[in-house]
Amino acid sequence: MSIYFDEKSKIFYLESKNLTYAMGINRIGQLEHIYFGKRTGRDLCTGIYTQGGRSHAIYIIGDDEKRYDPTVIPQEISTPYGGDYYEPSLMLEFANGNRRSDLVFDSYEILKEKPALEGLPALRHGETLIVTLKAKTAKVVLYYTVSETASIIARSMKVINEGNDDIRVNRAYSFAFSLPNRDWKATFIAGGAGAEAHVKSTILDRGVFTLDSKRGNSSASVNPFMAVGREATTENEGEAYGINIIYSGSHAITAERTPMGLVRLTGGLSGFDFSWKLEPGEAFQTPEAVLAYSDEGYSGMSRQFHDIYRSALIPERFVKKSRPIVINNWEATRFKFTMEKLRSIVSTVAGTGIDTFVLDDGWFGKREDETSGLGDWFVNEQKMEGTLKDLIDFTHSKGMRFGLWFEPEMISRDSDLFRAHPDWAMQTPDEDALEARRQLMLDLTRVEVREYIADVINKIIRENEIDYVKWDCNRDLAEGYSLALPADRQKETFHRQILGLYDLFDRIVNANPDIIFEGCSSGGSRFDAGVLYYFPQIWTSDQTDAPARAKIQYGTSFCYPFSAMSCHITESPNRRAKHVTKLYARAALAHMGATGYELDTTKMTEEEIAEIPSQIAAYKADEDLVFNGDIYRLASPFGDSNYFAIQVVSPDKKKAKLTVMKMNEAFNEPEMRIFPKGLDEDTLYEVAELEMTMSGKSWMNFGLYPAMPSGDFETKVYRFIAK
Ligand code: DGJ
């Protein structure tokens, strides 16, 4: 049993793989956070936090027996105005203006099957503990899910109004826990479109450190992920906690060092300008947070996320399935294509192993550039010089499947849809609607908008043989106003938009279970676990320059598995970076995810085209290993080593693959030795690329020299095969 309640001590134990998470009902009925970390015995105690004693503490219960100091005691969910001075997880406002809501334990229940989170993506299974607390007329239900295969806990909260008056929920985070007074450091992935998932870190000293997005999008600026480790924690050694919110909208994760030195972590759906009106009998469900623990460094933490996302988040039907190898026309043609050009891109690579042609932006409405057409999901047969069916038939005749691009959440001012329904665009009354990439966003809080968009897109999908859809989203929300909501619900707009998005995913993605959907948002601006609940893969970045991608994919792997990263081989010199890279180097990076090609194939040399079949054969041979293996990051492109090195080891340890890139040529640089991890000590592994066979323990302790030729961005792949 992995969820256990000790009646005597009143402590709940949640045990997932190698971790224990414990909380207890204390003397005054509050739910105290006790412990989160490496597996302990079921013999912990409550009350440890009061032992230090504090002066000027607030004692909310006068009785000495029940003395309780809220300034010191970590809460499972913290609320303001009851003596807990730190970042609250839950802020309620009752009809009389009372905003104090001390939570008191009411009951608990253990469920073998996890209940679904209504309207929100979440882990699909796992034994679940439900703890009910009460604060005046509000019932607060905490959900905790455990896993046998990964050291993670999933948490969410539901607030129910049991009174006769409205309650305002002014903040509703998904989790809170506190770490002891030690040297903690936060590590996170942040950047921008084209520079997604750059790894950054900061020491957690006194004060509040918040990672958030206020963009209505999980965003490339700050991913909804935070790792917290000791200052000495490295990629493969030391304690590391991970937090990820399964949510695609504005979010926040906060770390606060209290005067006692504890670090309280809390977060979830952003509380920025948020207020949700809860009428009597209504419930508000928060998104789910996934909390991971490892004592094997940040790579160990990543393995927990990868494991649980593959086994309980990403649609099951795609997890083990081989992915299409696409040729996408975007980088080759942008909006300017002809039927002849598209056909020649397809013909050039027919028979190479590339199996799906994806037609990107520009095939619909009056879409010649960014300024028009979004929302008019009708084939522009004039521009296409034929029907969509003509192109699909041609693609099929070349032995390939067909994929199509959509941007369902958007509307162009210059579109028939906008002319017919100007109020369907998000806008603030008496203000100019804010355009980004020359487009407006549809108001997905309105069901009629969702119904319309789902109908037109499903019609195209139904009437054509489409095997793959790329779902793009090229702007953030910006405006926090919906013409469809009353004034006292405007602060619900951002969250309602995301609930609408998930409903739209449901109407389109779940209605077409045989089609593979790829998420995209100006590259990786919405690379999050909410999207992965519906889509098995996401376009990782519009930056496709191999060394830049090395950084982006390295950072993305902190939380998300390789099977989720869509990675294409593009042209050299790179369109933006102008870096010249060898085709095999670009392929090595693009093979660390769901691979594809995105370049003008008609401009490739005969030798390059001839190289494609062997590249694809190599990719296919490693696909299962890369998608389902255990990650070990061995050298960071953000560090001083000048190298990128990531190894993946198959779960049975019979195979491993190590990809190494030298970021820049350096004259007379110090020795670079890479120490593989995760191999079986006593198994002999042959590495054909080095013509060497050694035991796992020799490879791991002696290491290997990548022996790179001179030149920037040189890349090598080493395969370890058990003999
Ligand atoms: C942004 C995406 O990231 C690109 O791959 C491409 O699909 C364009 N949008 C199309 O407008």
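Helices from the chain with mean Kyte-Doolittle at least 0.0 and a Cα length along the axis of 20 Å or more, per DSSP H: which? Qualifying helices: 447-463, 493-508.
The label-point distance for LYS200 and VAL447, in a model that sets each label 7 Å from Cα toward Cβ, rounds to 4.2 nm. Each Cα pair under 8 Å and six or more residues apart adds its separation to the average, and for the chain the resulting relative contact order is 10 percent. Once the Cα-Cα distance is subtracted from the 0.36 nm per residue extended length, the ASN18 to LYS321 segment shows a gain of 106.2 nm. For chymotrypsin sites (Phe, Trp or Tyr not before Pro), the sites in the stretch 661-713 that DSSP calls loop and that have at most 13 other Cβ atoms within 10 Å are PHE667.
Computed with a 1.4 Å probe over protein heavy atoms only, the accessible surface of the chain comes to 37 Å² per residue.
Shown here for the stretch 101-131: GluC sites (Glu not before Pro) in loop regions (DSSP other than H, G, I, E, B) with at most 15 other Cβ atoms within 10 Å, namely GLU113, GLU118. Positive-end ranking of TYR247, GLY519, GLY703 along the dipole of the chain, with charges on Cβ about the Cα centre, is headed by GLY703.
At 1.4 Å probe size, with the rest of the protein present, what percent of the exposed accessible area of the stretch 316-628 is carbon and sulfur atoms? Of the solvent-accessible surface of the stretch 316-628, carbon and sulfur hold 49 percent. Take the Kirkwood radius over Cα pairs of the chain, plug it into Stokes-Einstein at 10 °C and 1.306 mPa s, and you get 59 µm²/s for translational diffusion. Residues within the reach of a label modelled at ILE609 (point 7 angstrom out along Cα to beta-carbon, backbone nitrogen below 18 Å), restricted to the stretch 537-574, are 570-572. Taking Cα centre as origin and charging only the Cβ of basic (Lys, Arg, +1) and acidic (Asp, Glu, -1) residues, the dipole magnitude of the chain rounds to 1040 debye. Between ALA350 and THR234, the simple label model (points 7 Å from Cα in the Cβ direction) yields a spacing of 5.4 nm. Using the Cβ of GLU368 as centre and a radius below 13 Å, the other residues enclosed give a net charge of +1, where K and R count +1 and D and E count -1. Sparsely packed loop sites in the stretch 594-684 (the GluC sites (Glu not before Pro) outside DSSP H, G, I, E and B with at most 15 other Cβ atoms within 10 Å) comprise GLU665, GLU671, GLU681.
The values are calculated or read from the model by the stated rules, or taken from the named source; none is laboratory data. The shown structure was predicted, so the numbers you read here are calculated from the model rather than taken from an experiment. FYI the Cβ positions are ideal-geometry reconstructions off the backbone, even for glycines, and counts take in every protein chain you see. All accessible areas refer to the heavy atoms of the entire protein, side chains included, with ligands and DNA or RNA removed. Shrake-Rupley method; radii C 1.70, N 1.55, O 1.52, S 1.80 Å.
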